1. Condition (residue is over 30 Å from Asp132 (Cα atoms) and either among the β-branched types (Val, Ile, Thr) or crowded, with 21+ Cβ neighbours inside 10 Å (or both)) applied to segment 209-222: is it met by at least one residue?
2. Could you list, in sequence order, all residues of segment 263-296 that are hydroxyl-bearing (Ser, Thr, Tyr) and in contact (Cβ under 8 Å) with a residue 60 or more places away in the chain?
3. Name the single residue, out of those in segment 78-109 being acidic (Asp, Glu) and without any contact (Cβ under 8 Å) to a residue 60 or more places away in the chain, that is least open to solvent (accessible area, probe 1.4 Å).
4. Within segment 293-307, can you find the residues that are part of a helix (DSSP H, G or I) and either surrounded by 16 or more Cβ atoms within 10 Å (Cβ to Cβ) or among the charged types (D, E, K, R) (or both)?
5. So in segment 151-170, with the set limited to residues that are of a type outside the set (Asp, Glu) and over 24 Å from Val54 (Cα atoms), which one is surrounded by the most Cβ atoms within 10 Å (Cβ to Cβ)?
6. Are any of the residues in segment 117-133 modelled with pLDDT under 95, surrounded by 14 or more Cβ atoms within 10 Å (Cβ to Cβ) and either in contact with a Phe, Trp or Tyr (Cβ under 7 Å, 6 or more places away or on another chain) or not in a loop (DSSP other than H, G, I, E, B) (or both)?
7. Please specify each residue of segment 153-168 satisfying the condition of being part of a strand (DSSP E or B) and among the hydrophobic types (A, V, I, L, M, F, W, C).
8. Taking the conditions exactly as written (in contact with a helix residue (DSSP H, G or I) (Cβ under 8 Å, 6 or more places away or on another chain), open to solvent by less than 10 Å² (accessible area, probe 1.4 Å) and of a type in the set (Gly, Ala, Ser)), does Ala247 satisfy them or not?
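The values are calculated or read from the model by the stated rules, or taken from the named source; none is laboratory data. Note that this is a predicted model, so its numbers are computed, not measured. Virtual Cβ from ideal backbone geometry, glycine too; neighbours counted across all protein chains shown. Only protein heavy atoms, including side chains, enter the accessible area calculation; ligands, DNA and RNA are left aside. Shrake-Rupley method; radii C 1.70, N 1.55, O 1.52, S 1.80 Å.
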Amino acid sequence: MGLFSGPLPLVPPPARRQGDSGAGPSVVALGGGHGLSASLSALRLLTQELTAVVTVADDGGSSGRLRHELGVLPPGDLRMALAALCDDTDWGRTWRDVMQHRFAARPGVESPLDDHAMGNLLIVTLWELLGDPVAGLQWAGALLGARGRVLPMAGVPLTIEGDLLSEVQGTLRVTTVTGQAKLAVASETGNVSNVRLLPPAAPACRDALEAIELADWVVLGPGSWYTSVLPHLLLPELRDALCRTSAKRCLTMNLSNDTKETQGMSAVDHLHVISRYAPDFTVDVVLADPSVIADREEFERAVAGMGGRAVFGTVGASTGKPVHDPLRLATSYNDMFGEN
């Protein structure tokens, strides 16, 4: 423990490039999984003042095992956020690959390490040594040279659940689906509604609330709508902070509306979900790729109903897969920051 008795390490700022006029706006990005990684990969190109606020409801895979066995926050989405903030240098790429590396047991051999991500184990080790999730993530960020902070949305593991309306032999049936892993694929068999977090009044991370209060911009999404984006508006203290902040608010839409989590939903339906669960949450900008907007006028009216304006930009990868391209997304964010 002597190693951790001194002050927390400071993450070194990125090298200032010729023509840079400052550190950029203070931005808080909220989400989880691959969606948050996409926004962070773009935003780290634009600002030195970047904070990621990450969901902590994952209960599947390596994260779910560690959560169940050790009673810790699920580290997987936090790990992915840290990896996304690594510089595109030999140091950054190496540590990104170390964090994302998964162990694989030999065929026919059972191993407790099988399918665990190295970064998950590193993060949990720091948590156990320090006894503080925020401090542990700061140490991990310093090791990686991460260009920003990563914070959990809450200090305790959360459980997400929802009601599933399905038809069974001609009869409508409502069942409760508990857990992020199950809810993420629930719409394959019915319509998801009444999504909630347990415990319902869990404490939000204090550092996250402060970052949102002091931010110039708050960016919510992209990501799995019910399990990565919406949870930030289901946690009372976090929702209140997002509604009260003087920061400008951007909602980033996904590149595919018809996912396992949101089958049959349009882009406008996605906006209605946000308004239903957080009617006081307003936006300044909703960023969307025109390829996923079936009716532009209808979408613009829905965005205006949330207090903002729609901005359209080609932000998907050139491969055609529903994956955000960091440079294209960064260009759209940069234009957005400059206009507002």
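1. There is no residue in segment 209-222 that is over 30 Å from Asp132 (Cα atoms) and either among the β-branched types (Val, Ile, Thr) or crowded, with 21+ Cβ neighbours inside 10 Å (or both).
2. Tyr277
3. Among them, the one singled out is Asp97.
4. Listed by number, the residues that qualify are Arg296, Glu297, Glu298, Phe299, Glu300, Arg301, Ala302, Val303.
5. Step by step, filter segment 151-170, then rank; the result is Leu164.
6. No, that holds for no residue.
7. Result: Ala154, Ile160, Leu164, Leu165, Val168.
8. yes
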